[in-house]
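One structure below.
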Amino acid sequence: MSSWANSHTSEPRPLSHDLHLDLRQTITPGARGVRELLTSALREAVRSGRLTVGAMLPPSRTLAADLGLARNTVAEAYAELVAEGWLESRQGSGTRVVNRGQNQLPPRPRGAGSPPPHNLMPGSGDVTTFPRTDWLASARRALSNAPHEALRACDPRGRHELRSAIVEYVARVRGVRTTPDSVVICAGTRHAVEILTRMYGLTRPIAVEAYGLFIFRDCIEATGGSSTPIGFDDEGAVVSDLDALDVRAALITPAHHFPHGLPLHPTRRTAVVDWARRTDSYVLEDDYDGEFRYDRQPVGALQSLDPDHVVYLGSASKSLAPVLRLGWMVLPPELVDAAVAAAGGGQWYVDAISQLTMADFIAGGHYDRHIRRMRGRYRRRRDLLVERLADYNVGVRGLSAGLHLLLTLPDGAEPDVLYRAGEAGVALAGLSRLRHPLAGPYVPDPDGVVVSFGTPADHGFGPAVDALCGVLAATGL
């Protein structure tokens, strides 16, 4: 390991913005353990004297570019070393070494599985509102009325009752055109992406939006595939980029982009379907937050434009609870057998009782009522959050739908906001972590954080907003 620094003098001098670190293994985008390697390398550089007390580290963006890492990986490593007492970070003054390694402060305890006091991370709705009474009534009816054969292995596509209920629901609410024979039940959208990767991502990359849920990129790689990004701008995914890529599948969020919170422009909806037809490829439509809209008319499912070239993905994770692990794929008929085979040839992932319960829950109108009730509750939370944010120097995007807002920040402010949020017990998602590692310079790279107004319980939402505003104020925003 080595570092380039100014020579020692009687007074500490700032390190130049060149810093070489040998992480002792090849770094690949998304590889696990890279942050830990970087953190260890920086500690060792301080211990060995290569980084002296007072030395200024490169900005996280600069070091990330030099090492070929995601900026958030570097920012998280810096934040961990600040918390341990090795470094000091101040807004406008950069990050400096403050500890030589002797008598260093012990690492802050990280309770395994302990939730943060103020959870504003996206990915879940308010689980305290789960309709337990209605769900229990549906479970009782489903189990009482279930035929004996339902307690054995079922159709590998899933229970017919649930597939039929989903067909009725997505046709009525999202405009999806399909039949029960073309629906495959899966354990959430991530599981669907895993299955589709086995079908289309092992010999060619899967195209994904330059900004999106990193769990899908990780899932594709963990399954043995790879992903390649297409651009993003104020009209959504730049689907024209697909023409230059050797891919047969593109995963996009046309109803409500995560994290920027806007629908795919109508001309691009048409264009991506035309691409799929022209190249005999498939659009994988993640209907992210498609049911939660506030200030606009609902945007129908892309699948309705061409059921033969669009795979529709839906789940109950945000609308009910992630722990249910209930999702569905609506496939072109010719892909159903391949999907079942890629899933393992049987319905091993979602138990039949849960499927029958969900079928009764939808058919009895409980699902519709729950979503309407939550839509009003989430809208009130969104309005309160926007009102409170008006006093701060942040941009707000994604107002019209979904369960989160994107706060755009002044250049360079994201690491400091994330660090101070961690200190205050406020869990946020950094925008840089959601940027594809291979996204090129033509893709905007602003600082920002994603704030979920759907995750906290009602009693915790106000304190969470107070804590968030405290973080923004402490950051000088």
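So here's what we get for this one:
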item	result
Count of residues meeting criterion [in contact with a Gly (Cβ under 7 Å, 6 or more places away or on another chain) and buried (at least 23 other Cβ atoms within 10 Å of the Cβ)] in region 432-446	1
Y392 vs. criteria in the same structural domain as D234 (by the TED database) and either farther than 30 Å from S182 by Cα or not aliphatic (A, V, I, L, M) (or both)	no
Which listed residue, of V386, V396, V350, is part of a strand (DSSP E or B) and more than 18 Å from V74 (Cβ to Cβ)	V396
R377 vs. criteria in contact (Cβ under 8 Å) with a residue 60 or more places away in the chain, assigned to a helix (DSSP H, G or I) and within 23 Å of F292 (Cα to Cα)	yes
Residues satisfying the stated conditions in region 435-461, i.e. assigned to a strand (DSSP E or B) and either closer than 17 Å to L389 by Cβ or outside the structural domain of V386 (by the TED database) (or both)	D447, G448, V449, V450, V451, S452
Tally, over region 194-207, of residues that are open to solvent by 10 Å² or more (accessible area, probe 1.4 Å) and not hydroxyl-bearing (S, T, Y)	6
Filter result for the condition that a residue is farther than 27 Å from S354 by Cα and in a helix (DSSP H, G or I), over S240, S164	S240
Restricting region 369-416 to residues that are open to solvent by less than 30 Å² (accessible area, probe 1.4 Å) and of a type in the set (D, E), the residue that is nearest to S319 (Cα to Cα)	E414
From the options D246, D274, residue that is on the phi < 0 side of the Ramachandran plot, open to solvent by 50 Å² or more (accessible area, probe 1.4 Å) and assigned to a loop (DSSP other than H, G, I, E, B)	D246
Count of region 168-181 residues which are open to solvent by less than 20 Å² (accessible area, probe 1.4 Å) and either within 12 Å of L313 (Cα to Cα) or without any contact (Cβ under 8 Å) to a residue 40 or more places away in the chain (or both)	3
Some residue of region 308-315 being part of a loop (DSSP other than H, G, I, E, B) and at pLDDT 95 or above	yes
Tabulated pairs, region 304-319, first over 30 Å from T455 (Cβ atoms), second open to solvent by 10 Å² or more (accessible area, probe 1.4 Å) and assigned to a strand (DSSP E or B), C-beta under 7 angstrom, 6+ apart or interchain	H309/Y282
Test: residue in region 170-183 that is β-branched (V, I, T), farther than 20 Å from V340 by Cα and not in a helix (DSSP H, G or I)	yes
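The values are calculated or read from the model by the stated rules, or taken from the named source; none is laboratory data. None of the values given here were measured: they were computed from a predicted structure. Note that we place each Cβ from the backbone using ideal geometry, even for glycine, and neighbour counts take in every protein chain shown. These area figures cover heavy atoms from the full protein model, side chains too; ligands, DNA and RNA do not enter into them. Shrake-Rupley method; radii C 1.70, N 1.55, O 1.52, S 1.80 Å.
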